[in-house]
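**Q** Got a structure here, written out as structure tokens. Questions coming.
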């Protein structure tokens, strides 16, 4: 400046703060013994906070509970850990479009079952909509396409082991079915027969198999197979494609079982439902089963060795 030379000033460029779009994610907890599932859809904003919508539904009743709120990352993680502890499995990431469609399908069930929609569902609309016009692919549909009928029945004999997986560990039959089994044993043996543990074991085994055929009607088997398909989402995330394919194979066998040929009793996965229930009753009874007699008075009988 002293020599008459002008010094150019540095141009000032105003920068507009970039607004990052919210990140959408969805998670799914597979069905429990009653067919109850949990679906959450979360939106993370630029500050790192999460807007979450949770919908709990039960097939075939529909939506039972819905709620929405804002959580920090640590709160969201803590909530998922609690869910894993109570349900036995952790939430699994699923496509948002599939989650939205699944919630919409559950809402349709409410209209049929007359179950009142929870008020909290309205506060979830921002996240659970828009619903895709077409049904998205199921998360394990690619594996399901590889399952043949031959593969299904080849896997069926070892299917009882699936109950060791956390997704199926809590699956039990209706309490009334278990009571029918014990009543059947009492009618078969009478008071004197209950004193012979060998006869009790044989009678119980036959009643369990008869109850399996009776309980798992075509409608019930379709319901169970559908729930197994959903459980395979979680199994795939934990153990990979091979184990998930095994679940889907057994699910197909469950669906294809008949009344005369290939009855439900020939699928150990179904028989194990009743066996687990009887085992739970024996545990509650301190190692013995209270078997009703024709007189109406229950008689204790030793629980058979599994």
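**Q** Scan segment 124-145 and report the pairs whose first residue is without any contact (Cβ under 8 Å) to a residue 60 or more places away in the chain and whose second residue is in a loop (DSSP other than H, G, I, E, B), with Cβ atoms within less than 8 Å and a gap of 6+ or a chain change.
**A** 136/95
**Q** Can you name the residue in segment 214-224 that is assigned to a helix (DSSP H, G or I) and free of Cβ contacts under 8 Å to residues at least 40 places away in the same chain and, of all such residues, is farthest from residue 255 (Cα to Cα)?
**A** Checked segment 214-224; the qualifying residue farthest from residue 255 (Cα to Cα) is 214.
**Q** Further question on the same structure: All but one of (1) part of a loop (DSSP other than H, G, I, E, B); (2) modelled with pLDDT of 95 or more; (3) surrounded by 15 or more Cβ atoms within 10 Å (Cβ to Cβ) hold for residue 24; state the number of the condition that does not hold.
**A** Every listed condition holds for residue 24 apart from (1).
**Q** Which residue, of 253, 257, 211, 244, is touching a residue at least 24 places away in the same chain (Cβ under 8 Å) and under 22 Å from residue 37 (Cβ atoms)?
**A** 244
Residue-wise test of (1) farther than 21 Å from residue 238 by Cβ; (2) assigned by TED's automatic domain parsing to the domain that holds residue 274; (3) within 18 Å of the chain's Cα centre (by Cα).
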| site | (1), (2), (3) |
| --- | --- |
| 37 | no, no, yes |
| 61 | yes, no, yes |
| 68 | yes, no, no |
| 74 | yes, no, no |
| 108 | yes, no, no |
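Table: residues versus (1) modelled with pLDDT under 95; (2) not in a loop (DSSP other than H, G, I, E, B).
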site: 81; (1), (2): yes, yes
site: 84; (1), (2): yes, yes
site: 90; (1), (2): yes, no
site: 102; (1), (2): no, yes
site: 106; (1), (2): no, yes
site: 112; (1), (2): no, yes
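**Q** Of all the residues that make up segment 194-205, how many are without any contact (Cβ under 8 Å) to a residue 60 or more places away in the chain and either surrounded by 16 or more Cβ atoms within 10 Å (Cβ to Cβ) or under 20 Å from residue 274 (Cα atoms) (or both)?
**A** Of the residues in that region, 4 qualify.
The values are calculated or read from the model by the stated rules, or taken from the named source; none is laboratory data. What you see is a predicted model; the values in this text were computed from it and never measured. Quick reminder, even Gly has a Cβ in these numbers, built from the backbone with ideal geometry, and neighbours come from all protein chains shown.
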